[in-house]
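Have a look at the structure below, then the notes.
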Amino acid sequence: MHTKTDKRDRAALFRDRLTKAMNLTNSNQSKLARDTGVDRSTLSQLIKDKGARLPNAQLVASCAAALGVSADWLLGLSDRPEQATDLVAAAMSMTQAPRALVDEQIFAWHQEAAGYKIRHVPAGLPDMLKTDAMLRWEYQPSLGKTIDQAVGASKDRLAWMRGARSDYEIAFPLCELSSFARAEGYYEGLSTELRRAQLTRFRDLHEQLYPSLRLHLFDQRQLFSAPVTIFGPLLAVIYLGSNYLAFRDRERVAAMTTHFDGLVRAASIDARDVPAHIDQLLGEIS
C-alpha cells in the first residue's frame, strides 16, 4: 500500500540525503554548483531552506548524476542510493567459463560461500567426484599437455571442499548416470574398467561424505534443469558453456534455490538410495 509523504518531510529528507551524498563523495556546494550548472547561492538556499520547497526535476537529476546516486533515492522514493545501471551490474554479471578444470572464478565463488550449503546441477557428471582416468578421457582433447596440472588442481579442490564446512547437494539426471554405465551417447567407447572404477568412486565418496555430500537423481522426462550452482544465499550461477551468468540479487537467488529444491523433492533416486542404485548399475556392467 502506498503511503503519502508530507511535502515538508520529503523536502527535509531530500536535503539530508543531498548533504550525505556530498559528504560521501567529498563534494561541496561550490563543486556541485559547477557540476550541475546552477548558482552556488541556489544550492545554498535549497539546502538551508526548512520549508517544503523541492527543486525541479532537472536539478534533481543533475545532482543525482553528479553525485553518483539515484534521483529516486534523493527524493525518498527508494532506499537504495545506487543508480539503476549500477544495481543491474551488481545483480548480474557474465564471466568466461574456460573448458578446463583449473577455473579460478568458480573456485573463488566456492571460497566466498564457505560454510553455506552449495547446491549444484552439473552439466554432466560432477567433476569433483571423477577419477583421474575419467578426467583424462574427458578433458585431454581440450587441455592437451596441461591435463596433469588440471587433474592435480581437481584433487586440491576436492580436498579444500571437504574441509570447508559446506554441505553439498548435487542433483543430476538419472539418465546421465545410466548412459555412463552403459557407455552410451557422450560416453560411447569408455572401457568397462573405467566405468566400474568411476561408479565405485561415486558410491564410495557418497558413503564417506554423507550427509555433507548428497547426490539426488531426477527424471529428466519429468523435470529439466540447466547447469546451475547456488552458493548459499549469496550467489546463483548458470553455466552457459563458454560463460557463467551470475546473479546476486536476492529474488533470483531465492528463485533458483526453490527450483533446485524442487528437483530434490521430485528425485527418482533419493540421496539415501544412491549407493544401492550405483551397486545395481555396477552389477549390470558386463
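The values are calculated or read from the model by the stated rules, or taken from the named source; none is laboratory data. If you're wondering where the values come from, they're calculated on a predicted model, not measured in any experiment. With ideal geometry, Cβ positions are generated from the backbone for all residues, glycine too; neighbour counts draw on all protein chains shown.
Of all residues in the stretch 249-265, those that are surrounded by fewer than 17 Cβ atoms within 10 Å (Cβ to Cβ) and of a type in the set (A, V, I, L, M) total 3. Which residues, taken from the stretch 25-54, are in contact with a Leu (Cβ under 8 Å, 6 or more places away or on another chain) and touching a residue at least 40 places away in the same chain (Cβ under 8 Å)? Of everything in the stretch 25-54, those that are in contact with a Leu (Cβ under 8 Å, 6 or more places away or on another chain) and touching a residue at least 40 places away in the same chain (Cβ under 8 Å) turn out to be 25, 27, 53, 54. Which of the residues spanning the stretch 155-195 are among the β-branched types (Val, Ile, Thr) and surrounded by fewer than 17 Cβ atoms within 10 Å (Cβ to Cβ)? Residue satisfying the conditions is 192 alone. Taking the criterion of being surrounded by fewer than 21 Cβ atoms within 10 Å (Cβ to Cβ) and in contact with a strand residue (DSSP E or B) (Cβ under 8 Å, 6 or more places away or on another chain), the residues of the stretch 215-227 that qualify are 219, 220, 225, 226, 227. Contact map, the stretch 65-81: residues that are surrounded by fewer than 16 Cβ atoms within 10 Å (Cβ to Cβ) paired with residues that are at pLDDT 80 or above and part of a helix (DSSP H, G or I), Cβ distance under 7 Å, separation 6+ or inter-chain. Pairs shown: 78/72; 80/73.
Would you say residue 207 is in contact (Cβ under 8 Å) with a residue 40 or more places away in the chain and either surrounded by fewer than 13 Cβ atoms within 10 Å (Cβ to Cβ) or basic (Lys, Arg) (or both)? Here the answer is yes, as residue 207 does meet what is asked. Against the list (1) closer than 21 Å to residue 205 by Cα; (2) modelled with pLDDT under 80, the condition residue 179 fails is (2). Report yes if residue 262 is small (Gly, Ala, Ser) and in a helix (DSSP H, G or I), otherwise no. Criteria met by residue 262. Within the stretch 241-286, restricting attention to residues that are among the hydroxyl-bearing types (Ser, Thr, Tyr) and under 29 Å from the mean Cα position of the chain (by Cα), the residue that is farthest from residue 172 (Cα to Cα) is 242. Residues of the stretch 222-246 that are modelled with pLDDT of 90 or more and part of a loop (DSSP other than H, G, I, E, B): 222, 223, 224, 225, 226, 227, 232, 233, 234.
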